1. Semi-axes of the chain's equivalent ellipsoid from the Cα gyration tensor, sqrt of 5 times each eigenvalue, largest first, rounded to whole Å?
2. Per 10 Å bin, what is the whole-percent P(r) computed from every C-alpha pair distance within the stretch 84-137?
3. Which of rounded, prolate or oblate describes the stretch 360-423 when judged by the alpha-carbon gyration tensor and an a/c cut-off of 1.5?
4. At a Förster radius of 25 Å, what calculated FRET efficiency corresponds to the Cβ-Cβ distance of ALA240 and ILE357, to the nearest 0.05?
5. Using a Cα-Cα cut-off of under 12 Å, which aspartates and glutamates could be cross-linked to LYS137, ignoring same-chain neighbours fewer than 8 residues away?
6. Within the stretch 322-366, which residues have the backbone N less than 12 Å from the label spot 7 Å out from ARG232 along Cα→beta-carbon, could you tell me?
7. By how many nm would the segment from ASP36 to LEU277 grow when fully extended, if each residue of separation counts as 0.36 nm and the alpha-carbon distance is taken off?
8. Any idea how far apart ALA399 and ARG73 come out in nm if each label point goes 7 Å out from Cα toward Cβ?
Amino acid sequence: MRKALRWLLALAVFIGTLSTAGAATAAQSGPTDIKDRLLAVPGVSLIQEKPYPGYRYFVLNYTQPIDHRHPDRGTFQQRITVLHKDTSRPTVFYTGGYNVSTTPSRREPTQIVDGNQVSLEYRFFTPSRPDPADWSKLDIRQAAGDQHRVFEALKPIYGGRWIATGGSKGGMTATYYERFYPRDMDGVVAYVAPNDVVNSEDSAYDRFFAGVGTKECRDRLNAVQREALVRREPLEKRYARYAADNGYTFDTIGGLDKAYEAVVLDYVWGFWQYSLLQDCDTVPAHAATASDDEIWNSVDTISGFSAYTDQGLEPYTPYYYQAGTQLGAPTIHFPHIERKLIRYGYQPPRDFVPRSIPMRFQPQAMRDVDTWVRHHATHMLFVYGQNDPWGSERFRLGAGARDSYVFTAPGMNHGANVAGLVPDQKALATARILQWAGVSSADVAKAEPLAAFDAKLDVRDPEREPALRP
């Protein structure tokens, strides 16, 4: 009996050895180069690889279902990029909420944790658009489903901690992703993320513009904006020539006159979104006596006369669709301008989307996210700029939030970041990001970025979009 037991034990050990050897052989036979590992993921295909010192950088396509609720009803190709450092490092999951850049770049949390970065193009921004496009499948939950599937696909490769981030609409996107998939990420860093909970109540913006900066600067900007409407006739003739020379049309918005007013009414907002108080010196000091060229050039530089042409609107149709169906959009008033000079006021997103695309606003969408953040936010950091109009309606934390923070960078605009916070908040924010990323306690204690600043790789300017697009 003992011999039989010894024999069975020996046989079990032998079989176990064979099994272990087989597994090791299988592991060794699998891909080891990071490009091969990425391309071995079902649904991933290579668009191109670009070199960058110290990294591998890939532009990829990933097959996504058009409808995550019904994945059998068709797919589309969604662009992602991977800035690869090392699979042992933390990974930052970034989205700007619009198109993805195919130029290597590193967001602030990626520099802080010295990690990898996966960047995702938002669904319905070309080329990541289903064909034909069923616009009802463009909503915040479907977009969160895109991120969840990418995370699940890449987590076996990048097995360390993950942090979601994004700026402006990307900060909103990171927040929505956390709301719908709170177990995916180990932390969230949302920059300058608007939070329009009640779309019809926008008085916070009016209060912002009544007090931002200095009275001298506000008066300069208001005077130029008003003067552009006073000189509507001659400047619209110039606008018509400008449009003809560039092949611009105005079918979506409904005419040159509506487009001209939309550009002019964006002027003050656009200044504070992208400029600093010190830039007031670039604004004409005496609008009433300024030349037409000075008024035109100032408005064009800040607002951009191409913004509301068909050609300027078309790339942002997905954003305006979402603003008019779920995200909401601001409406502000202009007490410094006589009512007779304003014909349309701030136009709704419906005016910027082709009429062939149906839209219906869902007021519960933002209320749901806001309630969730107030009661359930965990490991979330929101960063705003003091002089950024988009921060007038922001995310706020309630009693249910845990290890979460809302900080404001003094004097900063839509490009506000952790580096621009006051020293104690900067140290705290940096330490929390490092802690969430799972780096060593010694590095957390230092509360400093782990990677040196790279002027080409580290983008610090606000992501420039025309005014009134977050």
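The values are calculated or read from the model by the stated rules, or taken from the named source; none is laboratory data. Computed from a predicted model, the values in this text were never measured in an experiment. Cβ sites come from the backbone with ideal geometry, for glycine too, and all protein chains shown count toward neighbours. What goes into the accessible areas is simple: the full protein's heavy atoms, side chains included, and nothing from ligands, DNA or RNA. Shrake-Rupley method; radii C 1.70, N 1.55, O 1.52, S 1.80 Å.
1. Numbers: eigenvalues 450, 124, 82 Å².
Largest first, the chain gives 47, 25, 20 Å.
2. Using 10 Å bins, I get a P(r) of 24, 41, 23, 13, 0 for the stretch 84-137.
3. Values: a/c = 3.19, a/b = 1.38, b/c = 2.32.
Here the stretch 360-423 falls in the oblate category.
4. 0.35
5. Output for LYS137: ASP67, ASP146.
6. Backbone N within reach: 338-345.
7. Values: separation 241, 0.36 × 241 = 86.76 nm, distance 4.95 nm.
81.8 nm is the gain from fully extending ASP36 to LEU277.
8. About 4.2 nm, to one decimal.
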